[in-house]
Amino acid sequence: MVIDVRLRPLYGGFLRQVRNPTSADFSAQLGMVKPASVRELSVELMLREMDEAGVTLGIAPGRNGHFRYNVSNDEVVETVEHFRGRFAGIAGINGADTAKAVEEIERYVVNGPLIGVNMEPGAMPEPWYADDRRLYPIYETCAEHKIPVVLMLGGRAGPDISYSSPVIISRLAKDFPGVSFLVSHGGWPWVQPLLGACFWQHNIYIAPDLYLMNSPGAQDYVAAANTFMQDRFLFGSAYPLMPIGDSLNKFKTLFSPEVLPKLLYRNAARLFNLTLSDEHSAQGSAD
């Protein structure tokens, strides 16, 4: 059983990323082969890749307020409904419009089918740091409703690497102790400082996704996940930027067998309040 916490399907608005001519071939950069499903833009091949890898559920993050392309929350909901239990969705929130952001959280997460909030403030047309005080009403809403928040802090999270600084998530974790923050892209390249924050602040979760694959700092992620981060470390493939099966196979070789069930699905199920049925489909559970 596997929950892939960063798997954007070849469907609807998510296709904009694949068709974006500026998208880098991260698979090649990290010594892997671009998935056949991406080369052929085939949903059938994507589902086959998920099945062959044993991925029970993909979690697809919406994106709003991004300078390059966006996936509306209506499109995320439609995607989840289309795939009937193979995907769960996270609401993409535009931090630059606080009032609309709060309204969308209420509509799509509190009173709707989506299971969390995703923001990328450093990638807005006017970049903000994720701990900008103008974003605090959004975090307060998530704290009130116990909604997990996914922040892209790592890789190209902003115009320069300061937008991925672990100081940002450390401040947010302190100011909002009731919010569980998931750092997608694992804060890379600030690997050791981020893990240092995680050692002391237990409401920070991480999913390095593609930066676990043959990147500098990968062994530091591994050491943490095998010990003090074993309850807050999650698997994400970063598909379609990376292959599902090869990423998962590599992931399984890195960690102790005793912690793998936590990393592959238990931590994600707990963070996103998911229940897994006997048929291995997942859905949100009531508080």
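Can you give the net charge of the other residues whose Cβ lies under 14 Å from the Cβ of ALA197, counting K and R as +1 and D and E as -1? Let's see the in-between values first.
On the way: positive: ARG171, LYS174, ARG232; negative: ASP131, ASP175, ASP220.
Summing Lys and Arg as +1 and Asp and Glu as -1 gives 0.
Can you give me the accessible area per residue for the range 30-113, using a 1.4 Å probe, in Å²? All intermediate terms of the calculation are to be shown ahead of the outcome.
On the way: 3780 Å² over 84 residues.
Result: 45 Å² per residue.
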In vacuum, with every alpha carbon of the range 102-155 counted as one equal point scatterer, what does the Debye formula give for log10 I(q)/I(0) at q = 0.14, 0.15 Å⁻¹? Two decimals, please. -0.37, -0.42
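On average, how much area does the Cα convex hull of the range 1-160 cover when viewed from any direction, in nm²? Intermediate results must be reported in sequence, preceding the final value.
Working: hull surface 38.9 nm².
Result: 9.7 nm².
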If you find the alpha carbon centre of the range 157-226 and of the range 51-77, how far apart are they in angstrom? 21
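Give, as a single signed number, the net charge of other residues whose beta carbon lies under 13 Å from the beta carbon of ASP131, with Lys and Arg counted +1 and Asp and Glu -1. Write out the running numbers ahead of the final one.
Numbers: positive: ARG133, ARG134, ARG171, LYS174; negative: ASP132, ASP175.
Overall, the nearby charge balance is +2.
Tell me the net charge near ASN267. Cut-off is 12 Å between Cβ atoms, ASN267 excluded, with +1 for each Lys or Arg and -1 for each Asp or Glu. Don't jump to the answer; show the numbers that get you there.
Values: positive: ARG232, LYS262, ARG266, ARG270; negative: ASP231.
For residues surrounding ASN267, the net value is +3.
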Report the dimensions of the range 163-287 along its three principal axes from the alpha-carbon atoms, largest first, rounded to Å. 41, 37, 29
How big is the range 159-216 along each principal axis, measuring the range of its Cα positions in Å and listing the largest first? 33, 21, 16
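Based on a Kirkwood Rh over C-alpha pairs, give the Stokes-Einstein translational diffusion coefficient of the range 63-150 at 25 °C and viscosity 0.890 mPa s in µm²/s. Provide the component values of the computation, followed by the final result.
Numbers: Rh = 13.0 Å.
Here the translational diffusion coefficient equals 188 µm²/s.
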DSSP bridge pairs, the chain: antiparallel proportion in percent, nearest 5: 15
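With 30 Å as the limit, write out which pairs from LYS100/LYS146; LYS34/LYS252; LYS34/LYS174 have Cα-Cα distances beyond it, or answer none.
LYS34/LYS174
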Three principal axis extents, largest first, for the C-alpha atoms of the chain, in Å? 43, 41, 39
When the range 125-193 is reduced to its Cα atoms, the Kirkwood hydrodynamic radius in Å: 12.2
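Which value at 222 nm does the chain reach when only helices count, each DSSP H run of 4 or more adding -39,500 (n - 2.57), with the total divided by all residues and rounded to the nearest 500 deg cm²/dmol? Display every interim value, and only then the final one.
Details: 12 runs with 98 residues, N = 287.
So the helix-based figure for the chain works out to -9000 deg cm²/dmol.
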Listed residues THR98, THR275 arranged by accessible area, highest first, probe 1.4 Å: THR275, THR98
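The values are calculated or read from the model by the stated rules, or taken from the named source; none is laboratory data. Only a predicted model underlies this, so the values are computations on that prediction, with no experimental measurement involved. Glycine gets a Cβ as well: all are built from the backbone with ideal geometry, and neighbour counts include every protein chain shown. Note: areas computed on protein heavy atoms with side chains; ligands, DNA, RNA excluded. Shrake-Rupley method; radii C 1.70, N 1.55, O 1.52, S 1.80 Å.
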